[in-house]
């Protein structure tokens, strides 16, 4: 692992905030130059201990294997800062996939090697074999269920990469709660090069709160804590997530509703002439190929139904999030009229 970490990060002296020096909860706090007045005048817990304790119980993962980030985008960005030397190292993405892997690479001056997925959006062994021994490739990104395609990546291919690749394997499980496939969390301790990313933005309905998670071994998480900003997740956001975790039954009910609506939406779309293909989905969205995806996207906008045009990555496709029953019925009605 030490050979993968950037030398400047290994030698970095992290910023020591006031809460690193005094960890108690009681006393007269005159150490952090805070305003003594107000309800939110104190800095938040920089290590989100209460939130990690709750996640530890739910996910059956040790607290020192959990990193809390300001959205999954911070988790991705810090990954580059820890492992990838700017202008020298490279990463692999399997396309089409989540665009922030490439954007963060560009920000950090890291070259991206794009390996196309197969026609059914799976990883093919022969496509990455030649890269396994390239020491300049530090990370492979695997989004499963994948965005924008919606499908889960075959576990056998992921396991092959985990066992044979000498760098970091980053599995993005933003949509795992909508899938029947098991999370890789259950096998976290088998692979020292594995990082799993999850989020509260999707299944928990907390996109505005901006809280993402990385799960890995204690050593990798220690480097995440070393390079992160001192107070990267606000107290208000931590409290919002903690409140949601106390009401997990509500989350389960909402996921069930979304999955039922996804099934209904698929069946309804099958009967519409302009629909060419509905790609299988393990997520809370569908990727749909139309005879003219650009036209469908534009016509829906005119009717105040906002979808995502993905024709630039998969020809003539539109990605549609699963809405409420009423929203989905309105969607079907309008697509039927314009197709």
Please specify each residue of segment 172-212 satisfying the condition of being touching a helix residue (DSSP H, G or I) at 6+ places or on another chain (Cβ under 7 Å) and without any contact (Cβ under 8 Å) to a residue 24 or more places away in the chain.
183
Just checking, does segment 20-38 include any residue being on the phi < 0 side of the Ramachandran plot, in contact with a strand residue (DSSP E or B) (Cβ under 7 Å, 6 or more places away or on another chain) and in contact (Cβ under 8 Å) with a residue 24 or more places away in the chain?
no
The condition of being in the same structural domain as residue 214 (by TED's automatic domain parsing), surrounded by fewer than 16 Cβ atoms within 10 Å (Cβ to Cβ) and within 22 Å of residue 174 (Cα to Cα) holds, among 116, 96, only for 116
Subset tally (residues that are at positive phi and either surrounded by 20 or more Cβ atoms within 10 Å (Cβ to Cβ) or at pLDDT below 95 (or both)) for segment 159-205
0
Residues of segment 214-256 classified as part of a helix (DSSP H, G or I), farther than 25 Å from residue 171 by Cβ and either without any contact (Cβ under 8 Å) to a residue 24 or more places away in the chain or out of contact with any helix residue (DSSP H, G or I) (no Cβ under 8 Å at 6 or more places or on another chain) (or both), total:
7
Are there any pairs, at least 6 apart or on different chains, whose C-beta atoms fall under 6 Å, with the first in segment 289-317 and on the phi > 0 side of the Ramachandran plot and the second part of a helix (DSSP H, G or I), and if so, which?
316/293
Counting only residues that are more than 14 Å from residue 265 (Cα to Cα) and surrounded by fewer than 17 Cβ atoms within 10 Å (Cβ to Cβ), segment 312-333 contains a total of 3
Just a yes or no: is a residue in segment 266-273 assigned by TED's automatic domain parsing to the domain that holds residue 331, under 27 Å from the mean Cα position of the chain (by Cα) and part of a helix (DSSP H, G or I)?
yes
Residue within segment 62-72 that is assigned by TED's automatic domain parsing to the domain that holds residue 134 and within 26 Å of residue 287 (Cα to Cα) present:
yes
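The values are calculated or read from the model by the stated rules, or taken from the named source; none is laboratory data. Please read all numbers here as calculations on a predicted model, not as lab measurements. Don't worry about glycine lacking a Cβ; one is built from the backbone with ideal geometry, like all the others, and counts go over all protein chains shown.
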